[in-house]
1. Given a Förster radius of 35 Å and the C-beta distance between LYS337 and LEU102 as r, what FRET efficiency does 1/(1 + (r/R0)^6) yield to the nearest 0.05?
2. Would you mind computing, in nm to one decimal, how far apart the modelled labels at LYS118 and GLU254 are, each placed 7 Å from Cα along Cα→Cβ?
3. Given R₀ = 41 Å, FRET efficiency for ASP312-LEU59 by Cβ-Cβ distance, to 0.05?
4. Count the net charge of all other residues whose Cβ sits under 12 Å from the Cβ of ASP172, scoring Lys and Arg as +1 and Asp and Glu as -1.
5. Are there chymotrypsin sites (Phe, Trp or Tyr not before Pro) in the range 1-41 that DSSP marks as loop and that have at most 14 other Cβ atoms within 10 Å, and which are they?
6. Between beta-carbons, use under 9 Å as the cut-off and find the net charge around PHE301, counting Lys and Arg +1, Asp and Glu -1.
7. For the chain, take the longest principal axis of its alpha carbons; what is the angle in degrees between that and the long axis of helix 204-221, to the nearest 10 within 0 to 90?
8. Would you mind ranking LEU252, LEU150, LEU38 so that the residue whose beta carbon has the fewest other beta carbons within 10 Å leads the list?
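Read-outs: derived from the displayed coordinates by stated rules, not from any lab. Predicted, not measured: the structure shown is a model, and the values here were computed from it. In this analysis, Cβ positions are derived from the backbone assuming ideal geometry, glycine residues included, and neighbour counts consider all displayed protein chains.
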Amino acid sequence: MKAVISGYYGFDNIGDEAVLKCIVYGLKQRGVEDITVLSNKPIETSRKYKVKAANRNSLKEIFRAIKRADVVLSGGGSLIQDKTSSRSLWYYLGIMILGKLLRKKVYVVGQGIGPVEKKFDRWLASIVLNKVDGITVRDQLSYEFLLKELGIKREVEIAADFAINFPLEEVDDRVFEKILEKEGIDLLSQEYLLICPREWGNFELSRVELARAADFISEEYGYRIVFLPFYHEDIEESDRIATYMKMPSDILTEKYDVEEILAIIKRSEFLIGIRLHSLIFAFISLVPFVGISYDPKIDGFLHSIGEKSVGDVNSFTAESILERVGDILKNREDYVKKMADYLEELKKKAEMNFEILFK
């Protein structure tokens, strides 16, 4: 089988790069060696994942890649939505249309679907998705959106985010000490709680509330507060929150890849996250966490593991965070066991993203 993978790749997005690694890893495990990724940085993607890569901005290269392929995979990530822009949605639907025009098998795999708000976008998405050869989604909310909002008639299977099956054995724990040396901080002698923020039109009050919660946690449980930005803009957001804190904190300011971020998360005691994949990484590492929602994809993931957010990014309070953190830490052993059970279940579901290709 020759496969083309279409997604938000080559943009140094931590979550999407973790997803791509898992897709490539899963395909190669199943004997698929001829893989081409549509990437914003094709040379870098090809080198990093040992695959072929085509420039996602070149129609000529995209056409050539799909022409020689047997199957086009659209996913994972949140590609079928127009919250980013209609143009982004049209791009991914266009790849699917081209695949069908060239008479290739086209699968939507492991995606979080929605929101799609504009009338034309909904119509176009409905037309295209009803023509593909198979669909798996990563959560129940995406499934309901497809059926109820977009009127998809074909069978849709609920799987899980590809990153659930990230190969943790490839995370070298020794890199953690190198990270601390690079950052000039000492976390080996103390327990720490991570905050993974993101700016999403946040009210200043949200930053104050998160800082209040962090101060209380630091005083009550003795955790050092460490901000783990996934991207450069998250460093600024971390700094804004930290200015409201009374207790000392650290902000990791270097750029890290997926394996390094996982090494940091694995050693932590707790995580408070707004970034989706910060929550997923904590989950697969069995590190207790709470999520703050800025997008339905956060709620979709939390719902899939029997959890819910402590509030919307613009409406949560310090008290809502502290109540959930307290509950989890009071029953930590039971919580970790429950998460381990959910992890086993979602690992099996994540495999369905591949099973649909080989039925």
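1. 0.10
2. Here the answer is 4.2 nm between the modelled labels.
3. Rounded to the nearest 0.05, the efficiency is 0.55.
4. Value of the local net charge: -4.
5. Within the range 1-41, the qualifying chymotrypsin sites (Phe, Trp or Tyr not before Pro) (loop, at most 14 other Cβ atoms within 10 Å) are PHE11.
6. Taking every Cβ under 9 Å from that of PHE301, the sum is -2.
7. Approximately 60 degrees, to the nearest ten.
8. Ordered by Cβ neighbours within 10 Å, fewest first: LEU150, LEU252, LEU38.
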